Amino acid sequence: QEIDRVLGLLTRLKKPVLRESLIGDLAKAIDLPVAALREQYNSLPEVVRERQLSRGTLIPQRPPATQSAPQQPAQARAAVPVVTAAAVRVDPRELAAWQDVLGGLLLAPAYLPYLRGREHQIPDSDLAVLFGAVTTLYEEGGAETQAGADSGLDLNALLARLGDHPARHRVSPLLDRASRADDLKVLLEGALRTLWKLDYEREQRRIQARFKELEGQEGASEEIGQLALRLRELQTMNKSVK
């Protein structure tokens, strides 16, 4: 199904030469014969339909000219809610993963380098402040531990750095959460895997949205081909982290 999804994107390419080239690249990337992948492409419903239309063996169905979409009453149209940024909810998987991460870092801050570059993704402002305090303390040498070591962060120094910020009240629950884990390394690796999965889902949605924007545009064939390859690359990477 994943291969069909990628091949389906190639049906939007207007240039057959570029499409054939990309089919060859995909075949090489997934270790399949080009002929087999081309046959799979030709069996896609949209390709079969296009072939039938070009041969005149399929007559496209059009709705009667008199039919039109029903109009909504003015009150119903006005009642449609407007989605604002404040109404967008945080994915509970992402919040839980970051709670595991912060709890794990309190016990084993040497794992911090694996999280560098992700701090802007933290969906909770208090957790973001706490992550920043842990990072600063670690960089100042307040947590010279090795990954897997029993000694954790200097909590007194951490609380002093947080001062009266509400984030200080998250420290104890996060410690308790991480302490209940049978294996801290497994906890952190599971959280990182979840964050990667969420990154994958977001990037996949972005690519699919871009495909819709490019559909029918002149000169978009090259970008569509690049997006198709990127989507296939993401799907391959996603399998490797399961």
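Each value in this text was obtained by applying a stated rule to the coordinates, not by laboratory testing. If you're wondering where the values come from, they're calculated on a predicted model, not measured in any experiment. Neighbour counts are summed over all protein chains in view; Cβ atoms, including those assigned to glycine, are modelled from backbone coordinates with ideal geometry.
Assorted remarks:
- The residues Phe131, Phe211, when put in order of fewest to most other Cβ atoms within 10 Å, stand as Phe211, Phe131.
- Alpha-carbon centroid distance for the pair the range 105-135 / the range 155-171, whole angstrom: 14
- Modelled this way, with points 7 Å down the Cα-to-C-beta line, the labels at Asp164 and Gln235 are 5.6 nm from one another.
- Virtual spin-label span in nm between Arg49 and Asp25, 7 Å along Cα→Cβ: 2.7
- Taking amide H as placed 1.01 Å from N in the peptide plane, His165 has no amide H partner under 5 Å among residues 5 or more places away or on another chain.
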